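What follows is a set of notes on a single structure, which appears directly below.
The values are calculated or read from the model by the stated rules, or taken from the named source; none is laboratory data. In this text, all values refer to a predicted model and were calculated from it rather than measured experimentally. Note: ideal-geometry Cβ built from the backbone for every residue, glycine included; neighbour counts use all protein chains shown. Calculation scope for accessible area: heavy atoms of the full protein, side chains included, ligands and nucleic acids excluded. Shrake-Rupley method; radii C 1.70, N 1.55, O 1.52, S 1.80 Å.
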Amino acid sequence: MSRRSLLRGIGGAGAASLLAVGCGVPAAYVDEGDRAGRDLSAGDRTLDFANWPLYIDTDDEDARKRPTLDAFGKRTGISVRYTEEINDNDEFFGKISPSLMNRQETGRDLIVVSDWMAARFVRLGWAQEMNRATQPNVTEHLDPQLRSPAFDPGRLHSVPWQSGITGIAYNRRKLGRELRSTQELWADDLRGKVTLLSGLDEAFALLMMGRGVDVTRWTGDDFHALCEQVEGLVKTRHIRRFTGNDYIKDLSTGDVLACQAYSGDVIQLQADNPDIEFVVPEEGAELWAESLVIPNLAHHKANAEKLVDYYYEPEVAAELAAWVNYVCPVPAAQQVLADSGDEELVALAEDPLIFPDADMRGRLAIARDITARERQDFTKRWNAIVGL
């Protein structure tokens, strides 16, 4: 099971947290000058790092060992307390937001959240600006396509941990033809055999691009037009259901022939079923990232910045990419894998789902995030459609 297979759609506690602070309670905002805590890094060589499960390399013989993280500790003398406590963006937000809202430290120096959630941290003033003077590898090696998202111009408050693509997966042998367009999902022979992602933030960009929308500047009218289309597809039972990452099982068994999917999941599926293909549609697909953020009042900010920069060394990034199989945010890691002399690693270097080629990159876009003002109404309408 891949790391992203643990994601859930927005609902339950997540929806409650959206209603609580999604609109940006004015009192919750923290000015830039009030975000830093007392940095103990020089005298306390530790670091608390919260991440998702299955999102870092582990030793083949001892899953408790994490080779890249262990190597960082040996090199720097910084001991990393690594926890796999993030299973859902909204759930984790609900866990730490009371501390951040009340100007209290969270007990974590570094966290990984999806960029749409990182956008919320940035808007609320809950993410500290990183010191790029101490991060030469980030400055040199960060993928140009990920350098300046709308929510964080210049990536001052966030750095991608891994990236990925939301596109279309399908079973070519069972379908009996190729799929090259999002619009082709609505063909008559796919009625009842298509699933879409249930989470609003995960689903909307690809579907809008299929309608010809520029997702870097989409509007409320674009959103409501998309909802009308999806509502019609639900009524005619063209869409089988809305899923989290359980689409993987449906696609594997043949209950579903085509679906919205994440690139990293499909790489793993293809190892067992070469008939599964992943498509970046002709109209385009969403390039997303899950990013490292240093929350307010973190006690080991300098140590955290050092760890972030360490993972942007091409050799380290290559080792991580070989294990997690998502789009690597360090393009220079491709040459490291290509020169490894290992057949499997060389194959990974040539995989466009890990290192997109120029043609694929031309069809990828980073969507404008949903603003705090939009979120409550948009989430309510989307959840009504998907049954959350």
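Scanning segment 123-145 for residues that are open to solvent by less than 30 Å² (accessible area, probe 1.4 Å) and farther than 19 Å from A317 by Cα yields a count of 6. Summed over segment 252-274, residues that are in contact with a strand residue (DSSP E or B) (Cβ under 7 Å, 6 or more places away or on another chain) and under 19 Å from N325 (Cα atoms) total 8. Evaluated against (1) modelled with pLDDT of 95 or more; (2) surrounded by fewer than 19 Cβ atoms within 10 Å (Cβ to Cβ); (3) out of contact with any helix residue (DSSP H, G or I) (no Cβ under 7 Å at 6 or more places or on another chain), D60 falls short on exactly one condition, (1). Residue count for segment 316-348 satisfying the condition of being of a type outside the set (S, T, N, Q) and within 21 Å of the chain's Cα centre (by Cα): 18. In segment 41-57, the residue that is farthest from the chain's Cα centre (by Cα) out of those that are closer than 20 Å to K306 by Cα and open to solvent by 10 Å² or more (accessible area, probe 1.4 Å) is G43. Output the residue which, of all residues in segment 146-157 that are over 23 Å from G284 (Cβ atoms) and not in a helix (DSSP H, G or I), is least open to solvent (accessible area, probe 1.4 Å). Across segment 146-157, the extreme among qualifying residues is H157.
Pairing residues of segment 183-205 that are on the phi > 0 side of the Ramachandran plot with residues that are open to solvent by 10 Å² or more (accessible area, probe 1.4 Å), at Cβ distances under 6 Å and at least 6 apart in sequence or on separate chains, gives G192/R237; G192/R240. Does V330 satisfy the condition of being assigned to a helix (DSSP H, G or I) and either surrounded by fewer than 23 Cβ atoms within 10 Å (Cβ to Cβ) or on the phi < 0 side of the Ramachandran plot (or both)? Criteria not met by V330.
For segment 333-351, a tally of residues being open to solvent by 40 Å² or more (accessible area, probe 1.4 Å) and in a loop (DSSP other than H, G, I, E, B) returns 5. Return yes or no: is I354 touching a Cys at 6+ places or on another chain (Cβ under 7 Å) and either part of a loop (DSSP other than H, G, I, E, B) or open to solvent by less than 40 Å² (accessible area, probe 1.4 Å) (or both)? Yes; evaluated as a whole, the condition is true for this residue.
Restricting the search to segment 351-373, which residues are more than 18 Å from the chain's Cα centre (by Cα) and within 18 Å of L320 (Cβ to Cβ)? Correct list: D351 only. Taking only segment 75-98 into account, find how many residues are open to solvent by 30 Å² or more (accessible area, probe 1.4 Å) and assigned to a helix (DSSP H, G or I). Looking only at that region, the number is 6.
Beta carbons closer than 7 Å, at least 6 apart along the sequence or on distinct chains, pair a first residue in segment 364-378 that is part of a loop (DSSP other than H, G, I, E, B) with a second that is surrounded by fewer than 20 Cβ atoms within 10 Å (Cβ to Cβ) and charged (D, E, K, R) for R368/R217.
For F223, the test of being of a type in the set (F, W, Y), farther than 24 Å from V324 by Cα and in a strand (DSSP E or B) is failed.
When segment 258-295 is filtered for residues that are in a loop (DSSP other than H, G, I, E, B) and buried (at least 24 other Cβ atoms within 10 Å of the Cβ), the ones remaining, listed by number, are V280, I294. If you filter segment 99-110 down to residues that are polar (S, T, N, Q) and in contact with a Ser or Thr (Cβ under 8 Å, 6 or more places away or on another chain), you find that the one that is surrounded by the fewest Cβ atoms within 10 Å (Cβ to Cβ) is S99.
Table: residues versus (1) touching a Lys or Arg at 6+ places or on another chain (Cβ under 8 Å); (2) surrounded by fewer than 17 Cβ atoms within 10 Å (Cβ to Cβ).
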{"position": "D201", "(1), (2)": "no, no"}
{"position": "T219", "(1), (2)": "no, yes"}
{"position": "H224", "(1), (2)": "yes, yes"}
{"position": "G232", "(1), (2)": "no, yes"}
{"position": "I239", "(1), (2)": "no, no"}
{"position": "F242", "(1), (2)": "no, no"}
{"position": "D246", "(1), (2)": "no, yes"}
{"position": "S252", "(1), (2)": "no, yes"}
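Taken together, V215, V256, V234 contain a single residue that is more than 27 Å from F355 (Cβ to Cβ) and in contact with a helix residue (DSSP H, G or I) (Cβ under 6 Å, 6 or more places away or on another chain), which is V256. Could you tell me whether any residue of segment 194-212 is polar (S, T, N, Q) and assigned to a strand (DSSP E or B)? Checking segment 194-212: at least one residue is polar (S, T, N, Q) and assigned to a strand (DSSP E or B).
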